[in-house]
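Enquirer: There's a structure below that I have some questions on.
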Amino acid sequence: MLSVAREAAKGAEAKASTSTDLTEVVRAACEAAAAAVERTPEQLPILKQAGVIDAGGFGLQLILEGFLKRMTGEALTTFERPATQHARPRAIEAPTAGWGYCTEFIINGANLAVDEVRTEILRHGDSALVVGDDAAIKVHVHTQQPAVVIAYASSVGRLSRLKVDDMSAQHHRLQGETIRRPASTKHLALVAVASGDGFRRILEGLGVDSVVSGGQTMNPSAEDILAAVESVPSIDVLLLPNNGNVVMTAQQVAELTKKHVRVVPSRSLPQGIAALFAFDFSADLEANATAMSRALSSVKTIEVTRAVRARELDGLKIAENDVIGLLDDKIVEAGSSAEEVAYAVLTRIDPGEVGTVTIYAGVDASDQQRETLRGLIVNQFPDASVELQSGEQALYPYVLAVE
């Protein structure tokens with residue numbers, strides 16, 4: 001790849017010395033990169049033996065060609081793959097099943113078997129990278145079933161730095177297309193309630209079939225949740241309310257539908273996400289409902305918002321519009337800074353119980369404020385894994401999951 005980058009730079013520099021047309025400069029870089037990619041089998045014996053080009057170098061070529069196509073207004077649907085001694089040039093198109101989900105995480109534990117994990121991960125996708133040792137394994141895989149991969153990994157050890165990106169959705173957005181998912185039938189479906197586009201994407205990445213918009217101060221109606229339950233492609237449905245105020249409504253929905261619905265009584269989004277880690281795609285409705293409900297107690301939830309009125313609670317004086325911090329639904333801190341209040345609530349938890357802290361930042365938290373909070377936590381809990389995610393929820397600058 002470095003050779004391809006070097007040749008592309010030379011091509012761009014040569015054209016720039018004779019032309020001020022940026023498009024032509026990029027075109028020259030593309031042509032030089034393509035020529036360099038075609039030469040890669042001659043540079044590495046293993047590539048020549050397999051009759052393939054260098055994947056990293058070709059990836060760089062595609063990036064440059066993407067720049068050029070965007071500059072010239074050409075569609076991004078296809079790219080020409082260079083010929084090798086064993087293959088003709090051909091157009092590269094999106095696979096009919098879609099690109100799947102780019103799924104990444106770290107498995108933390110003791111006596112982890114890297115080879116066994118690698119073998120199992122490879123069964124569920126491609127472009128897999130599984131490296132590490134008996135204490136931590138880094139996993140990257142492209143899969144159509146991220147929930148299956150995550151469920152397996154969570155049975156091996158504790159997960160951290162989880163990230164799931166819908167590559168098909170990214171591809172369609174780049175093309176300006178409307179995403180149309182093929183109709184399908186599943187033996188078991190998931191419905192969840194969430195506030196914020198970030199949380200919605202996280203839940204969908206964890207296998208949730210339908211996410212109902214709602215949460216604190218804007219609870220969804222029974223009709224909204226019922227419509228979601230009826231829309232999913234299964235008669236067996238697991239329902240996660242993810243809010244204490246929505247649990248009862250969710251239970252009512254279970255009585256209104258002819259489908260078999262089990263409510264996993266998650267009272268916060270961190271609880272709902274913890275429950276999804278316990279989801280087993282191969283298990284039935286009852287077994288999953290039991291396992292996921294049991295997983296709710298594995299996480300503590302910190303929520304930071306503002307007080308709508310002045311009050312005094314258990315000796316804590318709260319002024320109107322103060323920033324308040326809740327630990328598992330109980331108000332325990334008040335102050336003027338969302339970051340300081342979140343940190344103060346976290347320090348109330350026994351340090352021995354703080355292994356992973358996931359910060360879900362809301363729309364009102366700036367990048368600088370998010371990093372400030374992350375820095376405070378890292379300094380106080382140097383042995384903990386601290387992750388920063390964008391929940392994009394309103395009214396709550398921060399929601400923290402502590403495991």
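Enquirer: Restricting attention to region 215-236, does a residue exist that is closer than 26 Å to LEU162 by Cα and out of contact with any strand residue (DSSP E or B) (no Cβ under 8 Å at 6 or more places or on another chain)?
Expert: Within region 215-236 (the criterion being closer than 26 Å to LEU162 by Cα and out of contact with any strand residue (DSSP E or B) (no Cβ under 8 Å at 6 or more places or on another chain)), the answer is no, since none of the residues qualifies.
Enquirer: For region 192-297, which helices (runs of 4 or more DSSP H) that fit wholly inside it have 1 or more residues that are in contact with a Ser or Thr (Cβ under 6 Å, 6 or more places away or on another chain) and in the same structural domain as LYS163 (by TED's automatic domain parsing)?
Expert: Because the criterion is at least 1 residues that are in contact with a Ser or Thr (Cβ under 6 Å, 6 or more places away or on another chain) and in the same structural domain as LYS163 (by TED's automatic domain parsing), no helices (runs of 4 or more DSSP H) in region 192-297 meet it.
Enquirer: If you don't mind, there's one more thing I want to ask. Take the residues in region 276-289 that are under 20 Å from the mean Cα position of the chain (by Cα) and closer than 21 Å to ILE235 by Cβ; name whichever of them is modelled with the highest pLDDT.
Expert: Across region 276-289, the extreme among qualifying residues is LEU276.
Conditions (1) in the same structural domain as GLY272 (by TED's automatic domain parsing); (2) closer than 28 Å to ARG158 by Cα; (3) in contact with a Lys or Arg (Cβ under 6 Å, 6 or more places away or on another chain); (4) among the β-branched types (Val, Ile, Thr), marked per residue:
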{"residue": "GLU353", "(1), (2), (3), (4)": "no, yes, no, no"}
{"residue": "THR358", "(1), (2), (3), (4)": "no, yes, no, yes"}
{"residue": "ASP364", "(1), (2), (3), (4)": "no, no, no, no"}
{"residue": "VAL378", "(1), (2), (3), (4)": "no, yes, no, yes"}
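Enquirer: I would also like to ask the following. Name every residue in region 296-313 that is of a type in the set (Lys, Arg) and buried (at least 21 other Cβ atoms within 10 Å of the Cβ), in order of residue number.
Expert: Within region 296-313, just LYS300 meets the criteria.
Enquirer: May I ask you to list the residues in region 372-386 that are buried (at least 19 other Cβ atoms within 10 Å of the Cβ) and either of a type in the set (Ser, Thr, Tyr) or touching a residue at least 60 places away in the same chain (Cβ under 8 Å) (or both)?
Expert: Correct list: SER385 only.
Enquirer: Can we say SER390 is crowded, with 18+ Cβ neighbours inside 10 Å and either over 18 Å from ILE202 (Cα atoms) or more than 20 Å from the chain's Cα centre (by Cα) (or both)?
Expert: Against the criterion (crowded, with 18+ Cβ neighbours inside 10 Å and either over 18 Å from ILE202 (Cα atoms) or more than 20 Å from the chain's Cα centre (by Cα) (or both)), SER390 does not qualify.
Enquirer: Within the bounds of region 269-287, is there any residue that is crowded, with 17+ Cβ neighbours inside 10 Å and among the acidic types (Asp, Glu)?
Expert: yes
Enquirer: Turning to a different aspect of this structure: Determine which single condition MET292 fails, assuming it passes every other condition in (1) within 24 Å of ASN242 (Cβ to Cβ); (2) at pLDDT below 95.
Expert: Here MET292 meets the rest and fails (2).
Enquirer: Moving to a separate point now. Taking region 393-403 only, how many residues are modelled with pLDDT of 95 or more and at positive phi?
Expert: Looking only at that region, the number is 0.
Enquirer: Are there any pairs, at least 6 apart or on different chains, whose C-beta atoms fall under 6 Å, with the first in region 329-346 and outside the structural domain of TYR360 (by TED's automatic domain parsing) and of a type outside the set (Phe, Trp, Tyr) and the second in a helix (DSSP H, G or I) and surrounded by 23 or more Cβ atoms within 10 Å (Cβ to Cβ), and if so, which?
Expert: Note: no pairs meet the criteria.
Enquirer: Keeping to region 41-75, report how many residues are part of a loop (DSSP other than H, G, I, E, B) and either modelled with pLDDT of 85 or more or surrounded by fewer than 14 Cβ atoms within 10 Å (Cβ to Cβ) (or both).
Expert: Summing the residues that are part of a loop (DSSP other than H, G, I, E, B) and either modelled with pLDDT of 85 or more or surrounded by fewer than 14 Cβ atoms within 10 Å (Cβ to Cβ) (or both) in region 41-75 gives 4.
Enquirer: Ok, one more. Would you call VAL246 under 21 Å from LEU400 (Cβ atoms) and either among the β-branched types (Val, Ile, Thr) or at pLDDT 95 or above (or both)?
Expert: yes
The values are calculated or read from the model by the stated rules, or taken from the named source; none is laboratory data. On a predicted model such as this, the values are computed, not experimentally measured, just so you know. We place every Cβ from the backbone using ideal geometry, glycine too, and count neighbours over all the protein chains shown.
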